[in-house]
Structures are given as structure tokens and as C-alpha cells.
Amino acid sequence: MTTTNEIREKMAKYGENTLTDAELLSLLVGNGVKNQSSLDIAKSILEDLPKRNLSYLPERGTDDFKAVYGIGDKGAGVLVAAIELGKRIAREQVKSSLPDFSTPTAVAHYVMEDMRHLGQEQFCAALLNTKNGLIAVKTLSKGSLNMSLAKARDVFKEALRYNAAAVILIHNHPSGNPEPSQEDIVVTKRIASAGDAMEIPVYDHIIIGDGTFTSLSERGYL
């Protein structure tokens, strides 16, 4: 049975990039429980994750970790916090390396890890300043994108609140396929028309899939 100390020694000697996902996760789990090492628990968690993707960890929540795997408050909290920290670091790296958020690539990379595995559709707006820098990404509604959930007034209420110069719409497809539906196109054009009237342009609508995305602007719908 591999112990936590042995994994730490391996990391110190060979580097953290040599550790498996399970070994890295075991260091966050901390102590094991009766008849199970921290590595055993880490492997169980990974086996239960869809596609064994660590992005799902925060969705499990601390209560689930405690109930299912016997991890205490401290270990469960560390797991959720570590993944969230990783996401925030990734977002900041995108902001620094791709400062112009009027491009589909910058926006998609910024939200990808947060949205690619969501179980339901989530409609958001990226708010940009006059230099196309990102002010904020605001979640506006959850559920299948349609006329009732994707309201122009909600988009521009946030835009006015943050004094945004432009907006990019974002939503995800839980299927992983970012191909736009006819409803997506209709909603996009309706909100863009409202933006023209308010002199707050809608630059794009990005649909997030599983590691891929579609830009409705690049498709010619804006």
C-alpha cells in the first residue's frame, strides 16, 4: 500500500508532474480512513467522476465527499478549494495572455473549464470595457436557452450596472456539441437588436461544448 509520505517523497525527488491524478488527489485528501489509504480514496473519487475529469470535483460538494468517501471536513474543503483555485488561476492566465476579449478564443478559453461539464444550460454575458478588456462574466439564467430565459433586459441591466461598452453572450450545450440551434440564432439576433438600440453592441454569442466552442459571429449570424 502506497502511503502519503511515499507520494510526497516521489514528488520531492522527481517533481509534481510525475504524479498521477490519483496521487495528486491523495495529497489533497490527506489522511485515509479505516482500511483505505488516501490513495485508495482518491482512486475511488476519480472512478466516480464522469470521464474522470477533475473539473467535476466542486460539483460533488463537501457533504458528498464526507458521506460517500468518509473524508472529514478539512479534506473535503481542501479538495473543493484546490479545484476552484486552479480554475481561477487559469482564468487569470487567459486574461493576461489574451487581453482583447472581443475575440471568441479569449472568451471561450476563459469560461471553458467552468462551463464545459455543466449538467444544464447556463446563459451568461461577458461585459467589456471600451478597450475590449473583460470587466466581468455574469450568469443570467439557468435552463434551456429560450425566449423566456434569455431576456435582453437582463443582459443590458448588467451592462449598464457595470458601465460596459459591449457585450458577448455565452451559453453551454450539456451535450458537448456546440452547434447552434435555430432558437440560439433567434435569441442572439433579438438581443443584438436591442443592443443596437441601446448603443451597447453585442459582439458575439459563444456556445461552449466539451473542449470546443462555436462563435455565432464567425458563422455570420451577427
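The values are calculated or read from the model by the stated rules, or taken from the named source; none is laboratory data. Please read these numbers as outputs of a predicted model, since none were measured by experiment. A quick note on method: Cβ atoms are made from the backbone with ideal geometry, for glycine too, and the neighbour counts reach across all protein chains shown.
Summed over region 91-106, the residues that are of a type outside the set (Lys, Arg), at pLDDT below 70 and under 20 Å from Ile207 (Cβ atoms) give a count of 2. Evaluation of Lys151 against the conditions (1) more than 15 Å from Gln122 (Cα to Cα); (2) free of Cβ contacts under 8 Å to residues at least 12 places away in the same chain shows that the sole unmet condition is (1).
Of the residues in region 163-185, how many are loosely packed, with under 15 Cβ neighbours inside 10 Å and closer than 19 Å to Ile135 by Cα? Quick ask: steps written out before the conclusion?
Residues of region 163-185 loosely packed, with under 15 Cβ neighbours inside 10 Å: 163, 175-177, 179, 181-183.
Now drop any that are not closer than 19 Å to Ile135 by Cα, which leaves 163.
Final tally of qualifying residues: 1.
Residue-wise test of (1) assigned to a helix (DSSP H, G or I); (2) in contact with a helix residue (DSSP H, G or I) (Cβ under 9 Å, 6 or more places away or on another chain).
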residue: Leu160; (1), (2): yes, yes
residue: Ile170; (1), (2): no, yes
residue: Ser175; (1), (2): no, no
residue: Glu179; (1), (2): no, no
residue: Ile206; (1), (2): no, yes
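For the criterion of being in contact with a Pro (Cβ under 7 Å, 6 or more places away or on another chain), under 17 Å from Ala106 (Cα atoms) and surrounded by 14 or more Cβ atoms within 10 Å (Cβ to Cβ), Ile207 passes. Among the criteria (1) in a helix (DSSP H, G or I); (2) surrounded by fewer than 16 Cβ atoms within 10 Å (Cβ to Cβ); (3) modelled with pLDDT of 65 or more, the one Glu59 does not fulfil is (3).
Residue count for region 123-154, restricted to those that are surrounded by 21 or more Cβ atoms within 10 Å (Cβ to Cβ) and either at pLDDT below 85 or closer than 16 Å to Pro174 by Cβ (or both): 4. Reported count of residues in region 170-222, each being hydroxyl-bearing (Ser, Thr, Tyr) and in contact (Cβ under 8 Å) with a residue 60 or more places away in the chain, is 3.
Restricting the search to region 181-204, which residues are among the acidic types (Asp, Glu) and in a loop (DSSP other than H, G, I, E, B)? Steps first, answer last, please.
First, pick out the residues of region 181-204 that are among the acidic types (Asp, Glu): 183-184, 196, 199, 204.
Glu199 - this is the single residue of region 181-204 that is among the acidic types (Asp, Glu) and in a loop (DSSP other than H, G, I, E, B).
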